[in-house]
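Engineer: I'd like to ask you about the structure that follows.
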Amino acid sequence: MAAAKKGVGENGVGWTREALLEAYHHLQLTRQVEQALTRLYRQNQVIGGLYCSLGQEATAVGSALALRRRSDGTGDVLAPAIRNLGALFVLGARPVDVFRQYMAKGDSPTGGREQNVHFTDLDRGWIGLISHLGVMIEVMAGVALSFQLRRQERVALAYIGDGAVSTGAFHEGFNLAAVRRAPLVVIVENNGYAYSTPVARQTAAETFVAKAPGYGVWGDRCDGNDLFAVHAMTQRAVARARAGEGAALLEVVTYRRKGHAEHDDQHYVPAGELARWEANDPITRFEERCLAGNAVSAAELATVRERVGREVQEAREAAEASGLPPAEQALFPVWSEGPPAVPWTRQPELMKQVSE
């Protein structure tokens, strides 16, 4: 096994064979889980909406791979938007939990109360989506400020769609992070449409990164269908934020090859547009890049695809076998029999760390 074999990423930065196969695993896991969810949705087994990231997988996976990943609650933290399932897989989310979450099973991460990516795992580093309309930028600005106050070298990463950049919540949250030079990295996923509204119909700016100077922050823009470019750009922003250089506004140019949700028939998309972007598929491009550089073989990629296929099938079957939540569970944890949790701002030992 040639462990030292490397492929070539952006600007000549080498990727080890293991790193390439890990990235490919997460790309395949994202796509195959969403394909399985689509079938479950059509069988009426998914509760609520289904928001797929077909064509955008490289953004979620490439950016999350640039974070400091830990499982003890001391790593970087991200907030996914509705099309960032791949980022959760990079941080350690299990496919079976994702299936249970979408199917509102009693043993899902939220006990059947929430669906899709609306669940949190602070140990592994993600905060569940409250709303995709800019609110999470405010939340993550607060998270980044908490890192700054505690003098922790940690970074908060948040994703936002192109349409949500036009909301007041985005402006208020990001402006606060910019002014306080908090370690917040925001990635704008410019995927062509805010539901059915084209980008040119909801902003006069030629690019979203053009807004960065208005906030006084560093910005960058890249091809969102190139995992290597996304990873390199995010890596730079994260390093700057960790070093105390403040917030960053990043833009990835990609495309949403399915509707806003599974019920959206995309009638507003011009003829030929989907086909053009299908030819720019991020997973196909990743495969071609790896094979062209002789970093991994076609057989190795096939092995990953097959392994992921078995993993997805086993996870789906386990989720289908899970039961729905019992009725008496509906009020928990609305009512608590124990004492309320004490926030860290009221814990003298933690506040002392901040003031020192």
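Engineer: How big is the Rg/Rh ratio for the stretch 52-109, C-alpha atoms only, Rh by Kirkwood, two decimals?
Structural biologist: Rg/Rh: 0.99.
Engineer: Mind listing P(r) for the stretch 207-310? All alpha-carbon pairs, 10 Å bins, whole percents.
Structural biologist: Spelled out bin by bin, the stretch 207-310 gives 13, 28, 31, 24, 4 percent.
Engineer: Shape call for the stretch 91-190 from the C-alpha gyration tensor, a ≥ b ≥ c root eigenvalues: rounded (a/c under 1.5), prolate (a/b greater than b/c) or oblate?
Structural biologist: It comes out oblate by the Cα gyration axes.
Engineer: Okay, moving on. Tell me the relative contact order for the chain as a rounded percent, counting alpha carbon contacts under 8 Å between residues six or more apart.
Structural biologist: Here the relative contact order equals 22 percent.
Engineer: Okay, next question. Determine the distance separating the Cα centre of the stretch 258-303 from the Cα centre of the stretch 208-255; give it in Å without decimals.
Structural biologist: For the stretch 258-303 versus the stretch 208-255, the Cα centre distance is 23 Å.
Engineer: When DSSP beta bridges are limited to those with both residues in the chain, what percentage is antiparallel, rounded to the nearest 5?
Structural biologist: Roughly 20 percent of the beta bridges in the chain run antiparallel, per DSSP.
Engineer: Relative contact order for the stretch 178-240: what is it in percent, counting Cα pairs under 8 Å that are at least 6 residues apart?
Structural biologist: Computed value for the stretch 178-240: 29 percent relative contact order.
Engineer: Hey, another quick one. Going through the DSSP H helices of the chain, which span 20 Å or more along their own axis at the Cα atoms while scoring at least 0.0 as a mean Kyte-Doolittle hydropathy?
Structural biologist: Taking the DSSP H segments of the chain (at least 20 Å long, mean hydropathy at least 0.0), we get 135-149, 227-242.
Engineer: Which whole-number percent is the relative contact order of the stretch 76-187 (Cα, under 8 Å, 6+ apart)?
Structural biologist: Relative CO of the stretch 76-187 lands at 29 percent.
Engineer: Sum up the charges of everything whose Cβ sits under 14 Å from the Cβ of residue 312, counting Lys and Arg as +1 and Asp and Glu as -1, but leave residue 312 out.
Structural biologist: Neighbourhood net charge equals +1.
Engineer: Sticking with this one: Within the P(r) computed for the stretch 164-260, what percentage of the Cα pairs occupies the region above 20 Å?
Structural biologist: That tail contains 37 percent of the Cα-Cα pairs.
Engineer: Counting only helical runs of four or more DSSP H residues, what would the 222 nm mean residue ellipticity of the chain come to if each run contributes -39,500 (n - 2.57) and the total is spread over all its residues?
Structural biologist: -12500 deg cm²/dmol
Engineer: Is the chain best put as rounded, prolate or oblate by its Cα gyration tensor, with a ≥ b ≥ c the root eigenvalues, rounded for a/c under 1.5, and otherwise prolate when a/b is larger than b/c, oblate when not?
Structural biologist: rounded
Engineer: Take the Cα atoms of the stretch 160-214, build their convex hull, and give its volume per residue in Å³.
Structural biologist: Cα-based convex hull of the stretch 160-214, divided per residue, equals 76 Å³.
All of the numbers you see were taken from the coordinates with simple rules; none came from a lab. What you see is a predicted model, and the numbers here were worked out from it, not measured in a lab. Here the Cβ is made from the backbone with ideal geometry for all residues, glycine too, and neighbour counts use every protein chain on show.
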